[in-house]
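The values are calculated or read from the model by the stated rules, or taken from the named source; none is laboratory data. Here the structure is a predicted model, which is why all the values come from computation and not from measurement. As a convention, Cβ positions derive from the backbone with ideal geometry for all residues, glycine included, and neighbour counts pool all protein chains shown.
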Amino acid sequence: MTKNYTTKDTIQPQIILGIAAHPDDLDFSAAGTMAYYASQGAEIHYLILSDGGQGSTDTEIKRQDLSRTRQREQKNALNILGGKEVYFLNYPDGHLVNNDDLKKDIIKIIRTVKPDTVITMDPSVLYSSQRGSINHPDHRVAGQAALDCIYPFARDHLAYPELFAAGFMPHKTKTILLTNFNQQNFIVDITTTIDLKIKALEQHRSQIDNIDQVSVWLKANAATIGQNIGVDFAEGFIKIELRN
Ligand SMILES: [Zn+2]
């Protein structure tokens with residue numbers, strides 16, 4: 001882990017847009033932070049790129065039914081966190097591609113929501129030998145597409161000019177928080193919101209069999225990150241303050 005942590009007080013987001021591949025991604029990595037900033041008056045929006053129709057071990061379930069269930073779970077979860085709106089793009093789960101269609105759809109939402117802060121997935125995480133895990137390809141595509149859209153495409157009116165012509169005005173995002181479980185330079189104290197995070201995750205019943213087991217793991221992890229700034233529970237990010 002990198003040092004020189006800053007604390008939650010160094011940013012005061014007014015409008016946060018979370019961008020992720022699947023329902024539940026943002027809640028696992030950032031729900032405590034979302035709830036904290038919501039409690040401070042920030043507007044929280046989620047943009048979920050895929051339909052979430054592949055995340056099940058139930059061999060009987062139909063893709064469309066799973067997708068509908070997961071969207072409902074995600075809306076309930078954001079509600080609990082004090083968030084405002086969830087946008088779904090419904091690209092097929094497991095097949096996200098960072099192409100022009102995806103980028104244009106993301107730009108439209110960025111230019112509509114006009115976030116000062118975007119929370120998304122760090123696309124540079126390919127695997128973790130420490131955790132024994134490979135990062136889901138959709139997560140990498142989601143993070144890369146989000147970054148591409150923040151800079152330069154959402155900012156430049158001549159990028160995809162048909163969007164500008166249709167009334168989507170250019171927008172500059174100031175702050176990016178990347179979720180990266182291995183590395184952080186920015187820590188948010190979630191001591192007051194960790195219970196909301198667990199309640200939000202509890203909504204994702206199609207994904208989580210045993211919330212008690214998950215909450216033990218989550219709390220241990222949040223406690224380890226919290227030690228860096230001397231608080232009980234925290235979430236960590238890589239923060240980028242955009243100058244361009
Ligand atoms: Zn995911």
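Here are some notes:
- Number of the exception - Thr59 against (1) more than 10 Å from the ligand (Cβ to nearest atom); (2) surrounded by 20 or more Cβ atoms within 10 Å (Cβ to Cβ); (3) polar (S, T, N, Q); (4) over 23 Å from Thr193 (Cβ atoms): (2)
- Counting only strands (runs of 3 or more DSSP E) that fall entirely inside segment 1-115 and contain at least 3 residues that are farther than 29 Å from Ala222 by Cβ and in contact with a strand residue (DSSP E or B) (Cβ under 8 Å, 6 or more places away or on another chain), the qualifying elements are 85-91.
- Conditions (1) of a type outside the set (Phe, Trp, Tyr); (2) buried (at least 18 other Cβ atoms within 10 Å of the Cβ); (3) more than 16 Å from the ligand (Cβ to nearest atom); (4) at pLDDT below 95; number of the one not met by Ile194: (4)
- Among the residues of this structure, His22 does not count as one that is within 16 Å of the ligand (Cβ to nearest atom) and loosely packed, with under 14 Cβ neighbours inside 10 Å.
- Candidate set: segment 151-185, residues that are at pLDDT 95 or above and touching a strand residue (DSSP E or B) at 6+ places or on another chain (Cβ under 6 Å); chosen: the one farthest from Thr120 (Cα to Cα): Thr173
- Taken as a whole, the structure leaves Asp116 outside the set of residues that are over 18 Å from Ile15 (Cα atoms) and acidic (Asp, Glu).
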